[in-house]
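Beneath this line is the structure, given in structure tokens, with notes to follow.
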Amino acid sequence: MDTPPLAEAPPRQRAVTTGSLSRRMILIAAAWIGLLLFGGGFALDRVLINAVTNNFDTQMQYVLRSLLASAMIDPEGDVYFSRQAAADQRFIEPNSGLYWQVSAPGVSVQNAFTSRSLWDRRLGFGGSHDDRNVHVYDSKQFPDETLRIVERDAQIPGSKVHWRFQVAQSRGELDAQISVLRRTLIRSFALLGLGLIVLVWLQTFYGLWPLRRVRDEIARMRAGQSNRISTAMPDEVAPMVEELNALIEHNERQAEEARRHAGNLAHALKTPLTVIMNAATAQSDDLADTVIREARTMRRQVDHHLARARAVGRRGSAHSRAEVWPSLESVERAVGRLYRHVRIDVTGPRDLQVHVERQDLDEMLGNLIENAAKYGGGSVFVTVGAEAGFVELLIEDDGMGIPEEDRVRIFDRGVRLDTGKPGTGLGLAIVRDVAEIYGGTVSLEESEDLGGLMVRLRLPAAG
């Protein structure tokens, strides 16, 4: 005998993703770190370069002040210095990169008084401005050398003209210091940025580790190794785990209810089927009547369990809600067409809503109001109100009522106190089961106004 092949498990559907959360966090942190380091590095570069440049200029200004303080005019009108103002060895070495020059308007720069380091070159006079204060600038007047020049105009004692004192130094040394400084800054900030990004990666990896643990725990539950997430989680993840455990518990309750209902239905159908089979086997004369009677019983049981199954399936929706007043009006019209001699009055707020599917609300109200019309004396009064998070509906009739000792038993499936009128005996049982599924209650009391039965239906309020 060939064994049928096992059905293949359906392919696992991959979740729709929007990219890696870790990558997103690292990229955002890296961009922010890069922006901050660039801004901080630029500001620090400006500050340090200005400090190095100012120190470079201060040294040349010191030499300039020394020249100004010791400059004299001899009887022939030549400039000389009363003391050794520029003692740096580079002033006497040709093209050493450190120079000084003293010149005046109307005097050719070739006849200016210069340091020996200038040799046959001269600094430009630049007579278009008056340097009564110290003037510092860069100059490219020497093709092979960029100069940093500090100059000032001053009147030497015994002279009627303003002489221009200039101290120049090659920018090579300054540019070399700036280049070393910038390389050090770039390397330091690059290393700092890399270290911060690695730190962010470690922080992200460690921070998201609880989510990986949740994924592993869910995989263990799917594999049947556990039924809850019991591992301790951080405060930020713990609420999600609690909600997940609550969802699992909710699904387990629904599955258990489904199994119980299936068992109850099977048990309820077993007896009628046995009766039919026995009657058919014995070729009973009333087989047709037996089949009709037992089929009617099975139909009642199927209707009852289908109503419960629909309610259980809809309860999972947190957005299920229905307006009470439109449902009451719909049921009132339907019952009024069946029992034209019955007067149905409805009172209460018209804006109340309940956390119940509209179809289930119609079924509960239909059963209760139809029972009141069927077993009452012709008057049905429905009162709607709100109390402590619940919507309360009172359905009263002017019938004979139900004795207090029978008010609990009447909720059992198939129990009927008045067998003289058609019915299945499942109406109140369905109302009770559906109300409890949605977290509501139903109870029977005596109507003080009409003298008959009063049914108190409480359902969770919505909004």
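Only the coordinates and a few stated rules stand behind these numbers; no lab work does. For clarity, every value in this text was computed on a predicted model and none was experimentally measured. When we count neighbours, we look across all protein chains shown, and the Cβ atoms used for this are built from the backbone with ideal geometry, even at glycine.
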Report task. Show the residues, 5+ positions off or on another chain, whose built amide H is closer than 5 Å to the amide H of Ala386. Result -> Glu392
Report summary line: For segment 150-258, using Cα atoms only, the Rg and Dmax in Å read 36.1, 119
Query raised in the report: In sequence order, what are the phi-derived ³J(HN,Hα) couplings for segment 446-458 according to the Karplus relation 6.51 cos²θ - 1.76 cosθ + 1.60 with θ = phi - 60°, rounded to whole Hz, with x for glycine and proline?
Result: 9, 7, 6, 7, 9, x, x, 8, 10, 9, 9, 10, 10
Report summary line: Expected vector for segment 333-340, Karplus 3J(HN,Hα) from phi with 6.51, -1.76, 1.60 and θ = phi - 60°, integer Hz, x for Gly and Pro, equals 5, 5, 5, x, 6, 7, 10, 5
Query raised in the report: Summing +1 for each Lys or Arg and -1 for each Asp or Glu, what net charge is found among the other residues whose Cβ lies under 15 Å from the Cβ of Ile73?
Result: -1
Requested in this report: Would you be so kind as to identify which of Met60, Ile26, Ser82 lies farthest towards the positive end of the dipole of segment 19-207, taking Lys and Arg as +1 and Asp and Glu as -1 on Cβ and the Cα centre as origin?
Outcome: Ile26
Requested in this report: Multiply the residue gap between Arg340 and Val134 by 0.36 nm, knock off their C-alpha separation, and tell me the result in nm, one decimal place.
Outcome: 62.8 nm
Requested in this report: Run the quick spin-label model on Val198 and Ala262: label points 7 Å from Cα toward the beta carbon, then report their separation in nm to one decimal.
Outcome: 5.8 nm
Query raised in the report: At Asp289 and Arg116, where each label point lies 7 Å from the Cα along Cα→Cβ, what is the point-to-point distance in nanometres?
Result: 14.9 nm
Report summary line: Contour minus Cα-Cα span, Ala223 to Thr274, at 0.36 nm per residue, comes to 14.3 nm
Query raised in the report: Can you give the charge dipole size of segment 19-207 about its Cα centre, rounded to the nearest 20 debye, using +1 on the beta carbon of Lys and Arg and -1 on the beta carbon of Asp and Glu?
Result: 820 debye
Query raised in the report: Running Debye on segment 47-103 with equal point scatterers at the Cα sites and no solvent, what base-10 log of I(q)/I(0) appears at q = 0.16, 0.25 Å⁻¹?
Result: -0.61, -1.07
Report summary line: Largest first and rounded to whole Å, the semi-axes √(5λ) derived from the alpha carbon gyration tensor of segment 319-460 read 22, 17, 14
**Report entry** For Asp345, net neighbour charge (Lys/Arg +1, Asp/Glu -1) across residues whose Cβ lies under 15 Å away
**Finding:** -3
Report task. Consider a paramagnetic label point 7 Å from the Cα of Asp88 along Cα→Cβ; state which residues of segment 172-199 have an amide N under 19 Å from it. Result -> 172-179
Requested in this report: Between Ile49 and Ile248, take the C-beta separation as r, use R0 = 56 Å, and let me know the FRET efficiency to the nearest 0.05.
Outcome: 0.30
Query - Backbone N under 16 Å from the Ile73 label point (7 Å along Cα→Cβ), restricted to segment 133-156 - result: 153-156
